[in-house]
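> Okay, here's the structure, questions in a sec.
All of the numbers you see were taken from the coordinates with simple rules; none came from a lab. Just so we're clear, the structure is a prediction, and the values are computed from it rather than from any experiment. Heads up, the Cβs are rebuilt from the backbone with ideal geometry, glycines too, and the neighbour counts pull from every protein chain shown.
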Amino acid sequence: MPIPGPPPSPSGDNLDDVAAAGGLHAYQLALHREHGDVAAFRLPGSRLVSVADPVLLEQVARVNERPDELFEFLAPLFESGNLQVMPAEEHVPWRRTVLSAVAGRRSHEAHFGSFARLATDLADRWAAAPGPIALQQELSELSLRMICQYALGMEMNTGDLAQRVVASFEEVLSEYLGASYGMPYEKGRAEKALAFLRGAVDHVLAERRVGERPDLITLMAEAGESPARIRDSVLVMMLAAHHTTGVAISWTLHLLTRHPEVTDRLRAELAGVLGERRVPAFSDLARLPELEATLKEAMRLYPPGPYGARETTEDLVLGGYELPAGTTVFIPIWAVHLNPRVWPDPERFDPGRFTPERSAGRPRLAHIPFGFGPRSCEGARLAMMEAQLVLATLLRRFTFTPVDGHPVVPIERFVLWAEHDIKMTVTPT
Ligand code: HEM
């Protein structure tokens, strides 16, 4: 049985359709609206089978290979080979080392105080100079500072370094991604930004202070990773950790300004648990279920990483369709999160979906902002903790008002970014 999907253009693929949709973030929504939960499309050199049904996705839950072609645009970032598509035998020990550096409740708790200080510094700065704030830029910088301090043993407070790193990643990703959709590409610009990022990695390596707990760099060296692989891993951690967490918090605040009733409930929960305190303690987070549900619901509606992919390693029958080994299975995270067969009234912002009662019986892979399986996000728990802390701190300190007439349009920058940022005025409460 052939898999439904759009006809290819005369060039033999659907690249024009993807480019017309603005990227794979929006294209996946149209694809599944028209063709159902399993649909095939083509990009130059590859055929992709996109699966928006969380039960069918279970069949690729243990696959530990990603397809080269889809992530080819990231290859120039790396010296030691594209980390996104490392073969399983290299990936397994690498993942173990990364997890030993960034996962673990005790180490999250140990760093909580310094994260809270970084969040408070940002809030103090906003309070001292109220005016329109570009949330994505500011919150991505904050997340970058957090990961640099936590996993890389370095305070990124030299001049405007954090700001320039965030801007350079944006430049590199927009140029490389645009080029992969056949958009005009200004080679010099991306290369200059990448050279700056490599310099920033060298700076992190030179400036880091080795603390009591071994950081990612020490652990990688002990695990016998090459210097080039260590530099690549630092770059990938900076990349993977900053704009994802930054946009998760930004989209949440965006949704909250449109839903004052949810904001009121959150403020009441925070007041009940924190009392007079403005910043939560680590142990408070477990007592803030509304906050956790709100963040999860925001990541359902605006998943920071809007898609993933796997390359199958054996023949499969999925939803009645035969997929030979080597098939690219596209994971349309956004379309899974907006699938009306899984999420009733999917566009509606409703954190109540995440109460235990309403979650009961929902397929395990219905909500996958951090992906799943052996390639899932190593930073998932850390990111949740950071985002909850920052949201709690900001909601205790400010009310947020969107800047009048400023459009908020989701675009693909590898993450689900808002074009022209999300601009808000903050008023101290
Ligand atoms: C809200 C914040 C974040 C979101 C939504 C997010 C989402 C994702 C997603 C969707 C993937 C791909 C998963 C897959 O293919 O199944 C991923 C991979 C990854 N993420 Fe995150 N991420 C976030 C924060 C972080 C943080 C804070 C770190 C670092 C501590 C991090 C490190 C990574 C790494 C290293 C990978 C590559 C995984 C691999 O190939 O083994 N992420 N992330």
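> Show me, for the stretch 127-143, the HN-Hα J-couplings you get by feeding each phi into the Karplus relation (A = 6.51, B = -1.76, C = 1.60, θ = phi - 60°), rounded to Hz, glycine and proline as x.
Taking θ as phi minus 60°, the curve returns 5, 6, 9, x, x, x, 10, 8, 4, 4, 4, 5, 7, 5, 4, 4, 5 Hz for the stretch 127-143.
> How long, wide and thick is the stretch 205-355, going by the Cα atoms along their three principal axes, in whole angstroms, largest first?
In descending order, the Cα extents are 54, 50, 23 Å.
> Still on this structure, please answer the following. Amide H of Leu316: which non-local residues (sequence gap of 5 or more, or other chain) have their own amide H closer than 5 Å, using H built in the peptide plane?
Under 5 Å from the amide H of Leu316: Leu323, Ala325.
> If the cut-off is 14 Å between C-alpha atoms, which aspartates and glutamates fall inside it for Lys423, apart from same-chain ones fewer than 8 positions away?
Cα-Cα hits under 14 Å: Glu138, Asp404.
> Now for a different question. Sort the stretch 327-426 into rounded, prolate or oblate with this rule: let a ≥ b ≥ c be the square roots of the eigenvalues of the Cα gyration tensor; rounded if a/c is under 1.5, and if a/c is not under 1.5, prolate when a/b is larger than b/c, oblate otherwise.
On the way: a/c = 1.57, a/b = 1.43, b/c = 1.10.
It is prolate, given that a/c is not under 1.5 and a/b is the larger ratio.
> Let me ask something else. Eigenvalues of the Cα gyration tensor times 5, then square-rooted: what semi-axes does that give for the stretch 41-428, in whole angstrom, largest first? The partial results should precede the final answer.
Values: eigenvalues 189, 145, 90 Å².
Listed largest to smallest, the semi-axes of the stretch 41-428 are 31, 27, 21 Å.
> Separation of the stretch 130-190 and the stretch 10-75 by C-alpha centroid, Å?
26
> Taking the Cβ of each residue in Arg33, Arg396 as the centre, tally the other Cβ atoms inside 10 Å and list the residues starting with the fewest. Write down the numbers at each step before the final one.
Working: Arg33 13, Arg396 17.
Ranked by crowding around the Cβ, least crowded first: Arg33, Arg396.
> Let me ask something additional. What aspartates and glutamates does Lys187 reach when the alpha-carbon gap must be under 13 Å and sequence neighbours fewer than 8 apart in one chain are set aside?
Glu171, Glu175
> Still on this structure, I have one more. For the stretch 296-361, which GluC sites (Glu not before Pro) are in a loop by DSSP, counting at most 14 other Cβ atoms within 10 Å? Provide the component values of the computation, followed by the final result.
Numbers: sites: Glu297, Glu311, Glu314, Glu322, Glu347, Glu357; in loops: Glu314, Glu347.
In loop regions of the stretch 296-361 (DSSP not H, G, I, E or B), the sparsely surrounded GluC sites (Glu not before Pro) are Glu314, Glu347.
> Take the alpha carbon atoms of the stretch 231-285, find their center, do the same for the stretch 366-429, and report the distance between the two centers in whole angstrom.
Centre-to-centre (Cα) distance: 7 Å.
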